[in-house]
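The numbers here are math on the coordinates, done by the rules we state, and not lab data. Everything numeric in this text was worked out from a predicted model, so none of it was measured. Glycine also receives a Cβ, built like all others from the backbone with ideal geometry; neighbour counts cover every protein chain displayed.
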Amino acid sequence: MIEQRQRARRTFLRLCLWIPLAVFVAIAVAQAALLPVLPDTVAIHWGATGVADGFGPAWTYPAMTLGIGGGVTALLALAAVFEIKSDTQRTQYRFLGAIIGGETGFLGTTMLGLVIAQVGLDDATDAPNAYGILGLGVVIALVWGALYYFLIDEPPASDADAREVEPLELGESEQAVWIRTTQISRTGAWVMGLLLGVSTLGVFVLCLIDMRRADGPTWPLWGCLALMIVVAVMSLAVLRFDVRVDARGLTARGAVGWPRIHVPAERITSATVVDVSPMGEFGGWGWRLGANGTGLVLRAGEGIRVGREGKSDLTITVDDAETAVALLRRTMKTAP
């Protein structure tokens, strides 16, 4: 089992870090080699109609290829690998691999294609419609993402993933309540902040460029910025959860009262202590949905995994998970 997991880790690093980084470096070198045959100012943004409406220096493309393509790839891959603290933690390498493969295919195709399309132009305003290149990028992203999904190993979960706990012993007239607060880890905060900050800042810069257009703003672009701001605000709501276990079951509530998840005692089918890797198992931090069910994963380490009748498992990272599971197992025994 451990050998399978180590092999899967090596395959993930090779396919999802080293190969994509090599691809982005090669594309950046090709873009730099084409600089002499590009106009000094190139098109870097296309409007909803596919017509170029934003411009910048030619060196913008190799810088974006390395900064955005290489940076995002390295952030996702390395965060996933370093969050796996032991060879018994579950992984979600296939899901992450498909995301990284799709991202590499799309960004690599579009970044290189948009440069090649402007070779020999005297004026960047003559840049061709971008829809064809974007469409090709989507196709290659889907193919590359699917290929990565099938090439990457996803080892089975080890029995050591889950730790059984004996039900809490209480007298017939005794009741118990367990309450803890869990909040996002420093690593998770940095990764979420960087991803949201860089992407929102990038769209904001494009919006500033868009304001200079003579024929008015591109409303879909501004709508995208508004959506990203909403996502950033909503992300703040899942930075902390209050978790409660009592005779009614398990309840987790966000810092502002939302989101709220309640699992009635009679619907709980299992309760175990698990060692959780946010990136490796759920592809990130926060309120997540992945191959291993629903997760309120705010840090790596100890957590509760509850089986739910008719629904996927629920995983919550929280301290003193063993006591919570012991109480949940007693609740399961006494539930009607």
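For the chain, the longest principal axis of the Cα atoms and the long axis of helix 2-13 meet at an angle of about 20 degrees.
Estimated at 0.36 nm per residue, the fully extended path between S270 and N129 surpasses their Cα-Cα distance by 45.2 nm.
Annotation: average projected area of segment 1-146 is 8.9 square nanometres, based on the convex hull of Cα atoms across all directions.
Most tightly packed first, judged by the mean number of other beta-carbon atoms within 10 Å of their residues, the peptides 311-319, 144-152 read 311-319, 144-152.
Relative to the dominant Cα principal axis of the chain, helix 321-334 is inclined by about 60°. With the Cα gyration tensor of the chain giving a ≥ b ≥ c as the square roots of its eigenvalues, does the rule (a/c under 1.5 for rounded; else a/b larger than b/c for prolate; else oblate) give rounded, prolate or oblate? Prolate is the answer for the chain, as a/c is 1.5 or above and a/b outweighs b/c. For L195 and D246, a Förster radius of 35 Å and the Cβ-Cβ distance give a FRET efficiency of 0.45, rounded to the nearest 0.05. For the chain, the longest principal axis of the alpha carbon atoms and the long axis of helix 19-34 meet at an angle near 20°. Could you tally the net charge around G257, taking each other residue with its Cβ under 12 Å from the Cβ of G257, Lys/Arg +1 and Asp/Glu -1? Within the 12 Å Cβ shell, the charges total +2. For segment 224-336, the relative contact order is 23 percent, taking Cα pairs closer than 8 Å that sit 6 or more residues apart in sequence and dividing their mean separation by the residue count. Taken over the C-alpha atoms, segment 266-328 has Rg and Dmax values of 10.9, 31 angstrom.
From the square roots a ≥ b ≥ c of the eigenvalues of the alpha-carbon gyration tensor of segment 247-300, which class results: rounded (a/c under 1.5), prolate (a/b over b/c), or oblate? Taking the square roots of the gyration eigenvalues as a ≥ b ≥ c, segment 247-300 is oblate.
For the pair W59 and F82 in one chain, pulling the backbone fully straight at 0.36 nm per residue adds 5.0 nm over the alpha carbon distance. Taking each DSSP H run with n ≥ 4 as -39500 (n - 2.57) and averaging over every residue of the chain yields -14500 deg cm²/dmol at 222 nm.
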